[in-house]
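Here is the structure we will look at.
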Ligand code: AMP
(Lines give C-alpha, C1' and ligand atoms only; values in the text may rest on other atoms or scores of the structure.)
Protein backbone atom coordinates (compact mmCIF):
# COMPACT_ATOMS: atom_id res chain seq x y z
CA UNK A 1 0.00 0.00 0.00
CA UNK A 2 1.20 3.48 -0.88
CA UNK A 3 0.39 6.55 1.22
CA UNK A 4 0.60 10.09 -0.11
CA UNK A 5 0.98 12.87 2.46
CA UNK A 6 0.44 16.56 1.64
CA UNK A 7 2.64 18.91 3.63
CA UNK A 8 2.62 22.70 3.55
CA UNK A 9 5.43 25.05 4.50
CA UNK A 10 4.00 27.76 6.71
CA UNK A 11 5.10 30.41 9.21
CA UNK A 12 6.13 28.57 12.39
CA UNK A 13 3.29 28.56 14.91
CA UNK A 14 5.53 30.21 17.54
CA UNK A 15 6.22 33.27 15.40
CA UNK A 16 4.40 36.49 16.20
CA UNK A 17 2.92 37.46 12.85
CA UNK A 18 3.69 40.94 11.47
CA UNK A 19 1.36 42.49 8.94
CA UNK A 20 3.01 44.42 6.07
CA UNK A 21 2.68 48.17 6.52
CA UNK A 22 0.68 48.49 3.29
CA UNK A 23 -1.80 45.85 4.55
CA UNK A 24 -1.16 43.65 1.49
CA UNK A 25 -0.38 40.56 3.55
CA UNK A 26 1.87 39.03 6.18
CA UNK A 27 5.55 39.97 6.28
CA UNK A 28 7.58 36.82 5.63
CA UNK A 29 11.07 38.36 5.66
CA UNK A 30 13.42 36.50 8.02
CA UNK A 31 10.53 34.60 9.55
CA UNK A 32 10.99 31.01 10.74
CA UNK A 33 9.05 28.60 8.54
CA UNK A 34 8.02 25.06 9.48
CA UNK A 35 5.76 22.22 8.47
CA UNK A 36 2.08 22.86 9.15
CA UNK A 37 1.42 21.10 12.51
CA UNK A 38 -1.55 19.08 11.17
CA UNK A 39 0.69 17.86 8.34
CA UNK A 40 3.28 16.63 10.86
CA UNK A 41 0.44 14.57 12.32
CA UNK A 42 -0.34 13.30 8.79
CA UNK A 43 3.29 12.24 8.26
CA UNK A 44 3.39 10.56 11.68
CA UNK A 45 0.21 8.61 10.93
CA UNK A 46 1.61 7.41 7.61
CA UNK A 47 4.80 6.26 9.36
CA UNK A 48 2.77 4.39 11.98
CA UNK A 49 0.86 2.63 9.17
CA UNK A 50 4.18 1.62 7.66
CA UNK A 51 5.53 0.42 11.01
CA UNK A 52 2.35 -1.62 11.52
CA UNK A 53 2.95 -3.31 8.16
CA UNK A 54 -0.02 -1.68 6.38
CA UNK A 55 1.98 0.67 4.16
CA UNK A 56 5.07 0.00 2.09
CA UNK A 57 5.81 3.46 0.76
CA UNK A 58 5.19 7.02 1.95
CA UNK A 59 5.44 9.88 -0.53
CA UNK A 60 5.46 13.45 0.84
CA UNK A 61 4.22 16.19 -1.50
CA UNK A 62 4.59 19.93 -1.07
CA UNK A 63 3.58 22.80 -3.29
CA UNK A 64 5.59 25.94 -2.74
CA UNK A 65 8.92 27.68 -3.26
CA UNK A 66 12.32 25.95 -3.51
CA UNK A 67 12.66 26.29 0.27
CA UNK A 68 9.72 23.93 0.71
CA UNK A 69 12.37 21.30 0.03
CA UNK A 70 13.38 21.75 3.69
CA UNK A 71 9.84 20.87 4.73
CA UNK A 72 9.97 17.73 2.59
CA UNK A 73 13.37 16.87 4.12
CA UNK A 74 11.77 17.08 7.55
CA UNK A 75 9.12 14.57 6.46
CA UNK A 76 11.85 12.32 5.00
CA UNK A 77 13.81 12.57 8.26
CA UNK A 78 10.70 11.57 10.21
CA UNK A 79 10.36 8.46 8.00
CA UNK A 80 8.74 9.26 4.62
CA UNK A 81 10.44 7.47 1.72
CA UNK A 82 10.56 10.10 -1.02
CA UNK A 83 9.30 13.55 -1.85
CA UNK A 84 7.70 15.52 -4.65
CA UNK A 85 8.07 19.30 -4.72
CA UNK A 86 5.77 21.21 -7.05
CA UNK A 87 7.63 24.46 -7.45
CA UNK A 88 5.93 27.84 -7.41
CA UNK A 89 6.70 31.18 -5.80
CA UNK A 90 3.06 32.25 -6.06
CA UNK A 91 0.48 31.86 -3.32
CA UNK A 92 -1.59 28.78 -4.15
CA UNK A 93 -5.23 28.59 -3.08
CA UNK A 94 -6.82 25.32 -1.86
CA UNK A 95 -8.58 24.61 -5.19
CA UNK A 96 -5.28 24.84 -7.09
CA UNK A 97 -3.55 22.70 -4.43
CA UNK A 98 -6.33 20.11 -4.71
CA UNK A 99 -6.04 20.06 -8.52
CA UNK A 100 -2.27 19.60 -8.28
CA UNK A 101 -2.65 16.83 -5.70
CA UNK A 102 -5.16 15.17 -8.02
CA UNK A 103 -2.43 15.21 -10.70
CA UNK A 104 0.01 13.61 -8.26
CA UNK A 105 -2.59 11.00 -7.26
CA UNK A 106 -3.17 10.10 -10.92
CA UNK A 107 0.58 9.69 -11.45
CA UNK A 108 1.30 7.83 -8.20
CA UNK A 109 -1.91 5.81 -7.60
CA UNK A 110 -1.76 5.85 -3.78
CA UNK A 111 -4.28 3.84 -1.73
CA UNK A 112 -4.58 6.58 0.88
CA UNK A 113 -3.97 10.33 0.90
CA UNK A 114 -3.50 12.02 4.27
CA UNK A 115 -3.70 15.79 4.63
CA UNK A 116 -3.91 18.14 7.57
CA UNK A 117 -7.44 19.27 8.42
CA UNK A 118 -6.25 22.83 7.85
CA UNK A 119 -3.17 24.89 7.18
CA UNK A 120 -2.74 27.23 10.12
CA UNK A 121 -1.65 30.16 7.92
CA UNK A 122 -4.81 30.58 5.85
CA UNK A 123 -7.08 28.39 8.04
CA UNK A 124 -9.03 27.38 4.93
CA UNK A 125 -9.88 23.78 5.87
CA UNK A 126 -10.81 23.06 2.25
CA UNK A 127 -8.08 21.17 0.40
CA UNK A 128 -8.85 17.60 1.56
CA UNK A 129 -12.54 18.01 0.88
CA UNK A 130 -11.89 19.50 -2.57
CA UNK A 131 -9.45 16.71 -3.45
CA UNK A 132 -12.03 14.14 -2.40
CA UNK A 133 -14.63 15.79 -4.66
CA UNK A 134 -12.24 16.10 -7.62
CA UNK A 135 -11.21 12.44 -7.38
CA UNK A 136 -14.65 11.10 -6.43
CA UNK A 137 -13.00 9.35 -3.47
CA UNK A 138 -14.54 8.94 0.01
CA UNK A 139 -13.28 11.24 2.74
CA UNK A 140 -12.86 11.02 6.50
CA UNK A 141 -12.09 14.49 7.78
CA UNK A 142 -10.94 15.59 11.28
CA UNK A 143 -9.66 12.09 12.06
CA UNK A 144 -8.76 11.35 15.67
CA UNK A 145 -8.28 7.62 14.96
CA UNK A 146 -7.51 5.67 11.81
CA UNK A 147 -7.68 1.89 11.46
CA UNK A 148 -7.19 -0.05 8.23
CA UNK A 149 -8.79 -3.42 7.69
CA UNK A 150 -9.49 -5.45 4.57
CA UNK A 151 -9.33 -2.61 2.06
CA UNK A 152 -11.38 -0.30 4.25
CA UNK A 153 -10.43 2.63 6.46
CA UNK A 154 -12.27 3.13 9.72
CA UNK A 155 -12.02 6.78 10.69
CA UNK A 156 -13.11 8.19 14.03
CA UNK A 157 -13.95 11.86 13.50
CA UNK A 158 -14.09 14.71 15.97
CA UNK A 159 -17.42 16.42 15.43
CA UNK A 160 -19.24 19.05 17.51
CA UNK A 161 -21.38 16.59 19.45
CA UNK A 162 -18.56 14.10 20.15
CA UNK A 163 -17.13 11.34 17.98
CA UNK A 164 -18.43 9.90 14.73
CA UNK A 165 -17.07 6.76 13.06
CA UNK A 166 -17.15 6.31 9.29
CA UNK A 167 -15.95 3.33 7.24
CA UNK A 168 -14.46 4.28 3.88
CA UNK A 169 -13.67 2.15 0.87
CA UNK A 170 -10.08 2.67 -0.20
CA UNK A 171 -8.57 4.54 -1.95
CA UNK A 172 -9.71 7.41 0.23
CA UNK A 173 -8.83 10.78 1.72
CA UNK A 174 -8.20 11.34 5.43
CA UNK A 175 -7.57 14.69 7.10
CA UNK A 176 -5.95 14.82 10.52
CA UNK A 177 -7.17 16.36 13.75
CA UNK A 178 -4.96 17.27 16.69
CA UNK A 179 -5.58 14.16 18.78
CA UNK A 180 -4.77 11.58 16.06
CA UNK A 181 -1.21 11.16 17.33
CA UNK A 182 1.83 12.97 18.65
CA UNK A 183 4.41 13.44 15.88
CA UNK A 184 7.93 12.18 16.55
CA UNK A 185 11.09 14.25 16.36
CA UNK A 186 13.52 13.18 13.67
CA UNK A 187 16.65 11.57 15.12
CA UNK A 188 20.08 12.75 13.98
CA UNK A 189 20.87 9.51 12.07
CA UNK A 190 17.51 9.80 10.30
CA UNK A 191 18.19 13.44 9.42
CA UNK A 192 21.47 12.30 7.82
CA UNK A 193 19.74 9.43 6.00
CA UNK A 194 17.06 11.80 4.71
CA UNK A 195 19.69 13.78 2.80
CA UNK A 196 20.07 10.83 0.44
CA UNK A 197 16.37 10.33 -0.17
CA UNK A 198 14.97 11.45 -3.50
CA UNK A 199 12.95 14.66 -4.02
CA UNK A 200 11.48 14.99 -7.47
CA UNK A 201 10.83 18.54 -8.70
CA UNK A 202 7.80 19.38 -10.79
CA UNK A 203 5.91 22.50 -11.85
CA UNK A 204 2.16 23.21 -11.88
CA UNK A 205 2.44 23.13 -15.71
CA UNK A 206 3.52 19.46 -15.55
CA UNK A 207 0.04 18.69 -14.25
CA UNK A 208 -1.68 21.15 -16.60
CA UNK A 209 -3.04 23.15 -13.66
CA UNK A 210 -3.67 26.89 -13.82
CA UNK A 211 -2.89 28.21 -10.35
CA UNK A 212 -4.05 31.80 -10.98
CA UNK A 213 -5.78 32.95 -7.75
CA UNK A 214 -9.58 33.16 -7.79
CA UNK A 215 -9.66 35.33 -4.69
CA UNK A 216 -8.32 38.83 -4.17
CA UNK A 217 -7.05 39.85 -0.74
CA UNK A 218 -8.41 43.33 -0.15
CA UNK A 219 -6.69 44.07 3.14
CA UNK A 220 -4.87 42.31 5.96
CA UNK A 221 -5.07 43.86 9.42
CA UNK A 222 -3.76 42.91 12.83
CA UNK A 223 -6.36 42.04 15.46
CA UNK A 224 -7.23 44.97 17.71
CA UNK A 225 -4.96 45.00 20.74
CA UNK A 226 -6.66 44.08 23.99
CA UNK A 227 -6.32 45.94 27.26
CA UNK A 228 -4.37 44.11 29.94
CA UNK A 229 -6.43 42.22 32.52
CA UNK A 230 -6.70 43.30 36.14
CA UNK A 231 -6.68 41.26 39.35
CA UNK A 232 -9.30 42.38 41.84
CA UNK A 233 -9.02 41.92 45.62
CA UNK A 234 -12.47 40.45 46.25
CA UNK A 235 -15.94 39.79 44.87
CA UNK A 236 -17.26 43.16 46.01
CA UNK A 237 -14.61 44.98 43.98
CA UNK A 238 -15.38 42.76 40.97
CA UNK A 239 -19.08 43.63 41.15
CA UNK A 240 -18.25 47.31 41.58
CA UNK A 241 -16.01 47.28 38.47
CA UNK A 242 -18.47 45.27 36.39
CA UNK A 243 -21.19 47.78 37.32
CA UNK A 244 -19.36 51.08 37.11
CA UNK A 245 -16.41 50.47 34.72
CA UNK A 246 -17.50 47.73 32.33
CA UNK A 247 -21.22 48.63 32.59
CA UNK A 248 -22.23 45.01 32.04
CA UNK A 249 -24.41 44.48 35.14
P1 LIG B 1 -6.15 24.24 3.82
O2 LIG B 1 -7.33 23.72 3.06
O3 LIG B 1 -5.39 25.33 3.09
O4 LIG B 1 -6.49 24.64 5.24
O5 LIG B 1 -5.07 23.04 3.94
C6 LIG B 1 -5.45 21.74 4.36
C7 LIG B 1 -4.33 20.76 4.08
O8 LIG B 1 -4.06 20.70 2.68
C9 LIG B 1 -2.97 21.09 4.72
O10 LIG B 1 -2.92 20.68 6.07
C11 LIG B 1 -2.04 20.27 3.81
O12 LIG B 1 -2.07 18.90 4.15
C13 LIG B 1 -2.68 20.45 2.45
N14 LIG B 1 -2.08 21.61 1.74
C15 LIG B 1 -2.56 22.87 1.66
N16 LIG B 1 -1.71 23.67 0.96
C17 LIG B 1 -0.67 22.88 0.60
C18 LIG B 1 0.55 23.09 -0.12
N19 LIG B 1 0.88 24.29 -0.62
N20 LIG B 1 1.40 22.04 -0.29
C21 LIG B 1 1.08 20.81 0.22
N22 LIG B 1 -0.04 20.56 0.91
C23 LIG B 1 -0.91 21.56 1.10
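The values are calculated or read from the model by the stated rules, or taken from the named source; none is laboratory data. It should be emphasised that the depicted structure is a prediction, and the values quoted were computed from it without experimental measurement. Backbone-built Cβ (ideal geometry, glycine too); neighbour counts: all protein chains shown.
Quick notes
- Among the candidates 15, 61, 43, residue that is touching a strand residue (DSSP E or B) at 6+ places or on another chain (Cβ under 9 Å) and in a loop (DSSP other than H, G, I, E, B): 15
- Verdict on residue 114 being within 15 Å of the chain's Cα centre (by Cα), within 12 Å of the ligand (Cβ to nearest atom) and either modelled with pLDDT of 95 or more or at positive phi (or both): yes
- In region 1-33, the qualifying residues are those that are within 16 Å of residue 123 (Cβ to Cβ) and more than 12 Å from the ligand (Cβ to nearest atom), and the one that is surrounded by the most Cβ atoms within 10 Å (Cβ to Cβ) is 11.
- From the list 5, 92, the lone residue that is at pLDDT 95 or above and in a loop (DSSP other than H, G, I, E, B) is 92.
- Residue in region 221-229 that is over 18 Å from the mean Cα position of the chain (by Cα) and at pLDDT 95 or above present: no
- Index of the failed condition, residue 139 passing every other in (1) out of contact with any strand residue (DSSP E or B) (no Cβ under 8 Å at 6 or more places or on another chain); (2) surrounded by 18 or more Cβ atoms within 10 Å (Cβ to Cβ): (1)
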